[in-house]
1. List the trypsin sites (Lys or Arg not before Pro) within the range 95-191 that fall in a DSSP loop (any state other than H, G, I, E or B) and whose Cβ has at most 15 other Cβ atoms within 10 Å.
2. With the cut-off at 1.5 for a/c, could you classify the range 165-213 from its C-alpha gyration tensor as rounded, prolate or oblate?
3. Compute the longest continuous run of the chain that contains no exposed GluC sites (Glu not before Pro); treat a site as exposed when its DSSP state is not H, G, I, E or B and it has at most 12 other Cβ atoms within 10 Å.
4. Report, to two decimal places, the Cα Rg of the chain normalised by 2.2 N^0.38 Å (N = number of residues).
5. So how tilted is helix 218-227 from the main axis of the chain? Cα-based, degrees 0 to 90, rounded to 10.
6. Which one of THR145, TYR89, TYR159 has its Cα pushed farthest toward the positive end of the charge dipole of the range 17-181, where Lys and Arg give +1 and Asp and Glu give -1 at the Cβ?
7. If you restrict to DSSP beta bridges whose two residues both lie in the range 17-181, what percentage is antiparallel, to the nearest 5?
8. Considering only LEU130, LEU76, LEU85, give the residue with the highest GNM mean-square fluctuation for the chain, with springs between Cα atoms whenever their separation is below 10 Å.
Amino acid sequence: MAEKTFDIIKHYEKVPADLVAKYAEFDESASIHECMGKRGSMGGHIKPVWPGSRICGPAFTVEARPGDNAIIHKALDMLKPGDVLMISYKGDTRTGGMWGGMMSASAQAQGAAGMITDGAVRDTMTMKELGFPVFSSAVNVEGTTKAFPGKINHPIIMYGVTVNPGDLVFADNDDIVVVPRAEAQEVYEKTRAREDKEAILLKRIQNHEGTTYNLSGFCNKINELIEKGELTEEPD
C-alpha cells in the first residue's frame, strides 16, 4: 500500500539554527549567490516593501491558488519562531489582498522572521510600523477569495528557484537567495572566506592603495585584451 501524501506537511528538517545565526552575519546576498556557483538568486524580481529589510531563516513554503489566500491563514497558525514564510502565487500579482497588515502582525506574533512572495501585498505602511520584513513582486489593494485549497511545506518554485521547506533563505535590499539545506554548511564556509577577503579589500581601497582594477588583478585581463588587439587604448 502506497504511503499517503498530505497536502499540509508538519514535519520536515530545517537548516540548523546555529548555522542560520552565522548566515545572518553576512553583509550581502551577492556573496552567498557567488559562492554557490551563481545559483539560488531570484534575479531581483521580488523587492522589500520598504528599503533596508533583511530576512534570514529556514523556509516554510506555501503554494496558494492565485486570487485566494485561505491556505495562507492556515499556514499562519503553523509558523514556528525563525521561519521564513515563502508563498508561491505563481507570479500572479493581481491581488494584493492575499497578504496585509493583520497577517503580518499574526506572523510576527508567531515569531516568523519575515514573509516573501512572488505575488502582491497591501498595507505596506502597517508592515513598516510593525517592523516585520515583507518582500513581494508588487503592491496593490485588490481583494482575494478565501475558498480554495493549497499546499503547505511542499517544494515550490519562485522565479526559477526551487525552494524546499527547511532550506536557508537570505533576503536583503538587493535580492533573495535560497541555499539548499544540504549545501548550507559548505556554502557558508565559502561565503565567510569571500566576505573576509572583501573586508580587507575595502580597507585597502579606503586607504588609497588602489582600486578593484589593480588590487583585484583585473588589470591583467585588460592588458591581455590590449595585447591581442581586442581592445585599444590611447597612449598617455
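Just so you know, all these numbers are worked out from the coordinates, no wet-lab data involved. From a predicted model like this one, the values you see are computed outputs, not experimental measurements. Glycine also receives a Cβ, built like all others from the backbone with ideal geometry; neighbour counts cover every protein chain displayed.
1. For trypsin sites (Lys or Arg not before Pro) across the range 95-191 that sit outside H, G, I, E and B with at most 15 neighbouring Cβ atoms in 10 Å, the list reads LYS146.
2. Prolate is the answer for the range 165-213, as a/c is 1.5 or above and a/b outweighs b/c.
3. 26-208
4. Ratio of Rg to 2.2 N^0.38 Å for the chain: 1.20.
5. 60 degrees
6. Of THR145, TYR89, TYR159, it is THR145.
7. About 55 percent, rounded to the nearest 5.
8. Largest GNM mean-square fluctuation: LEU130.
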